[in-house]
1. Evaluate E = 1/(1 + (r/R0)^6) for A:T97 and B:V64, where r is the Cβ-Cβ distance and R0 equals 56 Å; express this FRET efficiency to the nearest 0.05.
2. Given that compact globular proteins tend to follow 2.2 N^0.38 Å, what is the ratio of the alpha-carbon Rg of the range A:117-173 to that value?
3. Any idea what diffusion coefficient the range B:55-109 gets from Stokes-Einstein, in µm²/s, Kirkwood Rh on alpha carbon pairs, 37 °C, 0.692 mPa s?
4. Remind me, relative contact order of chain B in percent, using alpha carbon pairs under 8 angstrom and six or more residues apart?
5. Stokes-Einstein D for chain A at 20 °C, 1.002 mPa s, Kirkwood Rh over Cα pairs, in µm²/s?
6. A 25 angstrom limit on the alpha carbon distance is what I want to check against. Which of A:K87/A:K126; B:K139/B:K198; B:K139/B:K203; A:K34/A:K126 exceed it?
7. Per Stokes-Einstein, at 25 °C and 0.890 mPa s, what whole-number D in µm² s⁻¹ belongs to the protein assembly as shown, with the Kirkwood radius over Cα pairs as the hydrodynamic radius?
8. Below 14 angstrom from the Cβ of B:F166, what's the summed charge of the other residues (Lys, Arg +1; Asp, Glu -1)?
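The values are calculated or read from the model by the stated rules, or taken from the named source; none is laboratory data. Nothing here was measured: the structure is a model prediction, and the numbers come from that model. Every residue, glycine as well, gets a Cβ built from its backbone with ideal geometry; the counts of neighbours run over all protein chains shown. The protein model used for the area step is the full one, side chains on, heavy atoms only, and it has no ligands, DNA or RNA in it. Shrake-Rupley method; radii C 1.70, N 1.55, O 1.52, S 1.80 Å.
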Amino acid sequence: MPIATAAQTIGPYWHLIEYPEFADLTRFGAEGEKVVLTGLVIDGDGAPVTDGCIELWQASPAAGARFPGYGRSATDADGRFRFTTVKPGPVPGRGNTLQAPHFAINILARGILTRLYTRAYFEDEKLNGTDPLLTAIDDPARRATLLARPDGPGIWRMDIRLQGDGETVFIEV
Amino acid sequence: MTDVTPFRPAVAGSQPPNDSPEYGSTHKRHPKQALVAFAHTVTEATGPRFSPAQFPAIIDISTVDGHAAMGERIIVRGRVTDEDGRPVPDTMIEIWQANAAGRYHHPRDQHDAPLDAHFQGAGRVFTDADGWYQFTSIKPGAYPWRNHFNAWRPNHIHYSLFGSGFATRLITQMYFPGDPLLELDPVFNTVPDEHARKRLVAKFDLDVTRPEWALGYRFDVVLRGREATPMEE
């Protein structure tokens, strides 16, 4: 049986496939509550990651002709990514569980050989208390690294720390 | 409801680690805490679909406005399958690369090598119903980088693939056969298993080669397959 091809870093010059419009998932006219997800990507020295490629996927609302479900944002000179999208609803988990609204997030950059995978949840969601991923993380401080917080009207912020103090929870995928 | 079928975990040694002492950029960019294990849900088992109608294919990047780029013209052809040998149809592949002199059309690339007005270096192709793809380009040059003294990246083309789920997302690099820089390259050598490493090297292919026009290379990609049966809770 063949085995999956090895990953390699996206490198510092991936912007040749950067299309800034990819960061706006509402560009095809999606309906729903518009939200912005933004944040800083920080390395183990506390320095901003300024050459990163952040990707977003959401299973809700379902992707279609007017909603790609997928976004890609370059990090800027401050290490900031920014997506404009539609707020996801809850989606089924395994068994009879229900997952709180969330985004799937990939972090790709020079120095990252295999994409790092995490999720962004909304801090104020009641369903967070029973979400199967959040409840599997015992340490409240670690769990909090996956919670986006209000940062202005319709704007949610979740910073991503690759290493060290406040290191983001990354998920096996 | 029926649970989604998860994708299989990576085979040991087939994927690079997050931390690689020889590749300096990994030092401050890898998590030190263990990754959290979490069985795939609909979030990971589904993924984006791209159609050529919304994302037009760019299958020949060897010319700009009818002017040929400098360098050795190449055709790259290959097949995308999953770990069960099934073709992955209609999936988008993005490629990007340096020009023949080893310089990217990118403001941060300051390597003292010429830019080529007729080479941008980014393409986009879709696999057909049997998983086959093909594009035309020029052979990228090697270039220096500052990872260690006298460090040079081997000739390579970057690949971005999606497959059927967010879990199958793959960013990789295609290398060229016979390149003496491969054994010295810290990025290529992050893949622990020798066989897995060698599969990143394309094969020269006379059947892909077009007479009196371009050399042909074959590069196949395998994306993760799904578990045989839904995982039990």
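1. On the way: r = 52 Å, r/R0 = 0.93.
For R0 = 56 Å, the calculated efficiency reads 0.60.
2. Working: Rg = 11.4 Å, N = 57, 2.2 N^0.38 = 10.2 Å.
The value comes to 1.11.
3. Working: Rh = 14.1 Å.
Using the Kirkwood radius from Cα pairs, D works out to 233 µm²/s.
4. Values: 488 pairs, mean separation 64.3, N = 233.
Reported relative contact order: 28 percent.
5. On the way: Rh = 16.7 Å.
For these conditions, the coefficient is 128 µm²/s.
6. Working: A:K87/A:K126 15 Å; B:K139/B:K198 19 Å; B:K139/B:K203 14 Å; A:K34/A:K126 20 Å.
None, as every Cα separation is 25 Å or less.
7. Details: Rh = 21.8 Å.
Result for D is 112 µm²/s.
8. Details: positive: A:R72, A:R115, A:R119, B:R49, B:R169, B:R224, B:R226; negative: A:E55, A:E172, B:E44.
So the surrounding residues net to +4.
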